[in-house]
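Notes to accompany the following structure.
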Amino acid sequence: MQESHFIGSKINPNTTISRNDQNTEYPRTILETGSYELTTSLDGCSTNSSIFIEIEVGSTQLYIPTVFSPNLDGINDEFYPLGNLFEVLNFSIFDRWESLVHKEDAAWDGTYRKKDSPIGVYSFYLQIRNTRLDEVENHSGTFLLVR
């Protein structure tokens with residue numbers, strides 16, 4: 001599956017455009033990863049611009065917080081992956097002794113056996129299914145619990 005990305009901005013209609021790939025379409029749709037150069041000229045003045053665009057086909061948009069504060073202030077009170085284009089298959093959290101403190105497909109509220117977990121560094125293991133490509137991805141890392 002090939003994705004496309006639209007790039008362009010408003011420019012004076014009298015502007016002359018040239019590119020390193022001989023494409024004169026402006027604005028244009030980008031279909032491939034690569035370096036794109038653009039030269040614009042107007043009233044005897046020219047400017048060169050270049051940009052590198054990397055197309056990631058079918059990638060998930062995943063954000064995992066690095067700090068978590070379950071203090072009931074309404075901000076970062078639960079630890080859970082955020083983003084889209086994925087489904088959580090396995091979500092596990094471990095304390096610094098590698099003991100499992102949470103294993104559910106739901107957010108962690110910072111408790112273990114109905115008691116507040118201590119401040120410190122925790123690790124997670126996350127397995128997701130990329131819903132675009134129907135592929136399984138594994139992620140792991142650490143985060144800080146503060147109160």
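None of the figures in this text is laboratory data; all of them are computed from the coordinates on show. Computed from a predicted structure; not experimentally measured. Glycine gets a Cβ as well: all are built from the backbone with ideal geometry, and neighbour counts include every protein chain shown.
Rounded to the nearest 20, the size of the Cβ-charge dipole of the chain about its Cα centre is 340 debye, with Lys and Arg at +1 and Asp and Glu at -1. A Gaussian network model of the chain, with springs between Cα atoms under 10 Å, assigns the largest mean-square fluctuation among 31, 85, 133 to 31.
In which sequence would 139, 102 go, from the one with the fewest C-beta neighbours within 10 Å to the one with the most? Kindly include the intermediate steps, with their values, before the conclusion.
Values: 139 15, 102 20.
Least to most surrounded, the residues fall as 139, 102.
As a calculated quantity, the FRET efficiency between residue 89 and residue 40 at R0 = 35 Å, using C-beta atoms, amounts to about 0.10.
Out of 41, 13, 81, whose Cα points farthest toward the positive end of the dipole of the chain (charges: +1 Lys, Arg; -1 Asp, Glu; placed on Cβ)? Final value for the positive-end residue is 81. Each 10 Å bin from 0 upward holds the following percent of the Cα-Cα pairs of the stretch 22-147: 11, 31, 20, 14, 13, 9, 2, 0. For residue 33 and residue 107, FRET efficiency with R0 = 22 Å and r from the beta-carbon atoms, rounded to 0.05? With R0 = 22 Å, the Cβ-Cβ based efficiency is 0.05. The H on the amide N of residue 101, modeled in the peptide plane, is under 5 Å from the matching H of 93, 94, 95, each at least 5 residues off or on a different chain.
Proximity of backbone amide H atoms, modeled 1.01 Å from N, is registered between residue 131 and 86, 87 at under 5 Å, excluding neighbours fewer than 5 places apart on the same chain.
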